[in-house]
Amino acid sequence: MKKIIIVGGGAGGLELVTRLGNTLGRKKRAQITLVDQNTVHLWKPLLHEIATGALNDQVDHISYQAHALRHHFTFKHATLLNIDRDNKRILVSDADLIALGCEQTQVELEYDALVIAVGSTSNDFGTPGVKEHAIFLDDQNSAIALRQTLLSTFIGFNANYDCQSAADKVKIAIVGGGATGIELASELPHMIKTLNAHGYANLGTQMLDITLVEAADRILPALPEKVSAGITQSLQNIGVKVLTKTMIVKADELGLYPKEGEVINADIIVWAAGVKAPDFLNNIAGLETTRNNQLIIKTTLQTTRDDAIFVIGDCASCKQENGQLVTPTAQAAHQMVSVCAYNIEKSMQDLPLKKFKYNDKGIIISLQDTAQGVVTMVAGKKLYAKGQFAMLIHRVLYRLHLGFVLGIIGCVRFTLATRVVKRVKSTLQLDKK
Ligand SMILES: Cc1cc2nc3c(=O)[nH]c(=O)nc-3n(C[C@H](O)[C@H](O)[C@H](O)COP(=O)(O)OP(=O)(O)OC[C@H]3O[C@@H](n4cnc5c(N)ncnc54)[C@H](O)[C@@H]3O)c2cc1C
């Protein structure tokens, strides 16, 4: 039986492995394996809500092991280290063997077709001090670490309230005026209000000093000016300072240092700028990669140097026929899934493959209590949506992802379960602060 390995169970990888499991795996036409360094899937666009306690990571996740059982694939809790293309094997570090304390924890897994879907991380562009002093919002562990930092800082502020002057504030600097930075900034005042409602009576939004820093001349530079102006206004309405044309050249324990101007003092720094694929992908196994470590692929989603290796999602550099690169979004990762599944099956039968064509449907930025967005309709016309309608689209995107992974009934059950738990348990998870 042919062996198909998918590395990375994120926005793209989990949808792909579910589809392949339900088709090839169920009919025993191929042995499907998912490899991920984590044991659960959390949809990445929700990370800022995990970080601010608007969502509960213990509930809003899918267990890979349980999901594998229902969808005819096997799950390996391991981290990809290298690829041996000559012998069609990958080298992984096996988390179960590490947990058992074994001496030899690296194992090899054989494949006939391999899919790399390991996503991306923020890019600090080598800025001195950023690694040491900033928190990145790249995965579930960093989102949980940020939530714990925020909770302990806010609760400490509440406890020391009597020793502080009215001018004392918690200073938070967020670098990156893209969707991640904007959504995170807008969630923070809401987090304070929720903590206040939980009995931390000295906390109020006036004790927050949030600065959003962007190097370009406006936030969301790739979107129409009308959208960035509207979102800047919404952020300012909730007390967020928006600093544009501000290039950060250094960070330390005091805060951020712009190329020009004064230090931006910060108790907490979050780096949400830039995107690059994980460093270990750089020239891995002699495959062609970009400066940002993305694997260069053909429109069939196969790597340029090896047809047995497919790449989807943020770690793929895919040039379209119009010369434009596909943007690294959950939307693009999702669209790649059906073409990748089709091409894997056809490549096993030596049949012609399909070309991937990205259909950019725009971006939705969801701000707490308000939302603005741009959606490109299938016909290519632009729809500018704002308020409740845009908020609804944002929620629907997550439900669509759940629908593809869990099916309609599974999605309804999952939604009901998370609603019930939300009613009886605080999403802030104060017991874990
Ligand atoms: C806060 C935030 C908000 C966002 N909002 C939006 C939005 O509104 N709309 C949108 O379209 N996009 C949004 N994005 C971007 C979107 O999340 C990504 O484009 C999308 O998740 C990429 O999917 P992926 O499958 O390529 O990778 P991911 O979803 O990142 O999954 C990668 C998987 O690979 C695993 N992995 C990584 N390295 C290894 C390894 N060495 N071995 C084994 N496993 C590994 C990880 O554990 C993870 O499960 C947002 C991102 C963030 C951080």
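Starting from residues that are in contact with a Ser or Thr (Cβ under 9 Å, 6 or more places away or on another chain) and not hydroxyl-bearing (Ser, Thr, Tyr), keep the ones in region 73-88 and report whichever is nearest to the ligand (Cβ to nearest atom). If we take residues in region 73-88 being in contact with a Ser or Thr (Cβ under 9 Å, 6 or more places away or on another chain) and not hydroxyl-bearing (Ser, Thr, Tyr), then LEU80 is nearest to the ligand (Cβ to nearest atom). Of all residues in region 103-126, count the ones that are closer than 24 Å to ASP306 by Cα and either assigned to a loop (DSSP other than H, G, I, E, B) or free of Cβ contacts under 8 Å to residues at least 12 places away in the same chain (or both). The total comes to 6. Within region 1-49, the set of residues being more than 9 Å from the ligand (Cβ to nearest atom), surrounded by 22 or more Cβ atoms within 10 Å (Cβ to Cβ) and outside any strand (DSSP E or B) comprises VAL17, THR18, LEU20, GLY21, LEU24, GLY25. Within region 314-366, being among the hydrophobic types (A, V, I, L, M, F, W, C), farther than 20 Å from LEU16 by Cα and within 13 Å of the ligand (Cβ to nearest atom) holds for ILE363, ILE364, ILE365.
Residues checked against (1) outside the structural domain of ILE50 (by TED's automatic domain parsing); (2) in contact (Cβ under 8 Å) with a residue 12 or more places away in the chain; (3) under 24 Å from LEU254 (Cβ atoms); (4) in a loop (DSSP other than H, G, I, E, B):
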| residue | (1), (2), (3), (4) |
| --- | --- |
| LEU151 | yes, yes, yes, no |
| ALA166 | yes, no, yes, yes |
| ILE174 | yes, yes, yes, no |
| LEU184 | yes, yes, yes, no |
| HIS190 | yes, yes, no, no |
| LEU195 | yes, yes, no, no |
| THR211 | yes, yes, yes, no |
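Condition check for TYR257 on (1) out of contact with any helix residue (DSSP H, G or I) (no Cβ under 7 Å at 6 or more places or on another chain); (2) part of a strand (DSSP E or B); (3) under 23 Å from ALA179 (Cβ atoms): one failure, at (3). For region 62-74, the criterion of being buried (at least 17 other Cβ atoms within 10 Å of the Cβ), assigned to a loop (DSSP other than H, G, I, E, B) and either modelled with pLDDT under 95 or out of contact with any helix residue (DSSP H, G or I) (no Cβ under 8 Å at 6 or more places or on another chain) (or both) is met by none of the residues. Is at least one residue of region 233-247 of a type outside the set (A, V, I, L, M, F, W, C) and closer than 26 Å to GLN148 by Cβ? Within region 233-247, one or more residues are of a type outside the set (A, V, I, L, M, F, W, C) and closer than 26 Å to GLN148 by Cβ.
The values are calculated or read from the model by the stated rules, or taken from the named source; none is laboratory data. What you see is a predicted model, and the numbers here were worked out from it, not measured in a lab. Positions of Cβ are backbone-derived with ideal geometry, glycine not excepted, and every protein chain shown enters the neighbour counts.
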